[in-house]
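Below is one structure, written out as structure tokens; comments come after it.
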Amino acid sequence: MELSSLIQDNVDEILVKIIQFTHIRHTVISDNIRNCRSAGFVPRYIDAEDFAKVISAALTEHQRNKRLALCDSQTINFLPDGDFRLEPQIDTEAAGLMVSDFEAYIQLQKNRLKENSINNKTACALLEHKLCRTREPARSDSVENKV
């Protein structure tokens, strides 16, 4: 399913970007596991902290001015069509572990996959909840979440 077709407002757009981010990050982490025994392979990572800062700034702008401003960063470029491109970085921590402690390297990648999966599931659940709420007729006895 094309996620962009689900976007109804700025919050939906942020959630879709998070889902897309976790999909790209999953691919990079999986490649780190799949290719770790290939000659000359260098592990990479997607800078989740940089992405979080960009999304946080966009949400702050949305709260202040009711508009969504997604700004490029060192590792993220937003494209005119609404898509974005992430620049994977060389993962020096993982590269060191790959040489010195291969089991720790694999564990690091597994931990990153678990964290990424939780982030993806959370964003998907929030988007699903929000989409279901917008389809339901308003009830006078309903309680709104003020978060």
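The values are calculated or read from the model by the stated rules, or taken from the named source; none is laboratory data. Quick caveat, the model's predicted, so the values are computed rather than measured. For neighbour counting, all protein chains shown are included, and Cβ atoms are generated from backbone atoms with ideal geometry for every residue, glycine included.
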### Task
Kindly check whether there is at least one residue in the range 29-50 that is within 14 Å of the chain's Cα centre (by Cα) and among the polar types (S, T, N, Q).
no
### Message
Of everything in the range 36-85, what is touching a residue at least 12 places away in the same chain (Cβ under 8 Å), closer than 18 Å to residue 19 by Cβ and aliphatic (A, V, I, L, M)? Give them in sequence order.
### Response
46, 48, 54, 55, 58, 59, 68, 70, 76
### Message
So, in the range 41-76, exactly how many residues are outside any helix (DSSP H, G or I) and under 23 Å from residue 112 (Cα atoms)?
### Response
11
### Query
If you go through the range 56-97, how many residues are under 15 Å from residue 46 (Cβ atoms) and at pLDDT below 90?
0
### Message
Of the conditions (1) among the aliphatic types (A, V, I, L, M); (2) touching a residue at least 60 places away in the same chain (Cβ under 8 Å); (3) in contact with a Leu (Cβ under 6 Å, 6 or more places away or on another chain), residue 33 satisfies every one except a single condition; which number is it?
### Response
(3)
#### Entry: Selection status of residue 90, out of contact with any Gly (no Cβ under 8 Å at 6 or more places or on another chain), of a type outside the set (Ser, Thr, Tyr), surrounded by fewer than 12 Cβ atoms within 10 Å (Cβ to Cβ) and in contact (Cβ under 8 Å) with a residue 40 or more places away in the chain
yes
### Query
If we keep just the residues of the range 121-147 that are acidic (Asp, Glu) and in a loop (DSSP other than H, G, I, E, B), which is modelled with the highest pLDDT?
136
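Just checking, which of 17, 66, 53 is of a type in the set (Lys, Arg) and in contact with a Phe, Trp or Tyr (Cβ under 9 Å, 6 or more places away or on another chain)? Explain how you work it out, then say what you get.
Values: 66 fails: in contact with a Phe, Trp or Tyr (Cβ under 9 Å, 6 or more places away or on another chain); 53 fails: in contact with a Phe, Trp or Tyr (Cβ under 9 Å, 6 or more places away or on another chain).
Just one listed residue meets the conditions, 17.
Let's see how each residue does on (1) of a type in the set (Ser, Thr, Tyr); (2) loosely packed, with under 15 Cβ neighbours inside 10 Å:
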| residue | (1), (2) |
| --- | --- |
| 48 | no, no |
| 55 | no, no |
| 65 | no, yes |
| 75 | yes, no |
| 98 | no, no |
### Task
Specify which of the listed residues (37, 67, 85) is basic (Lys, Arg) and within 30 Å of residue 103 (Cα to Cα).
37
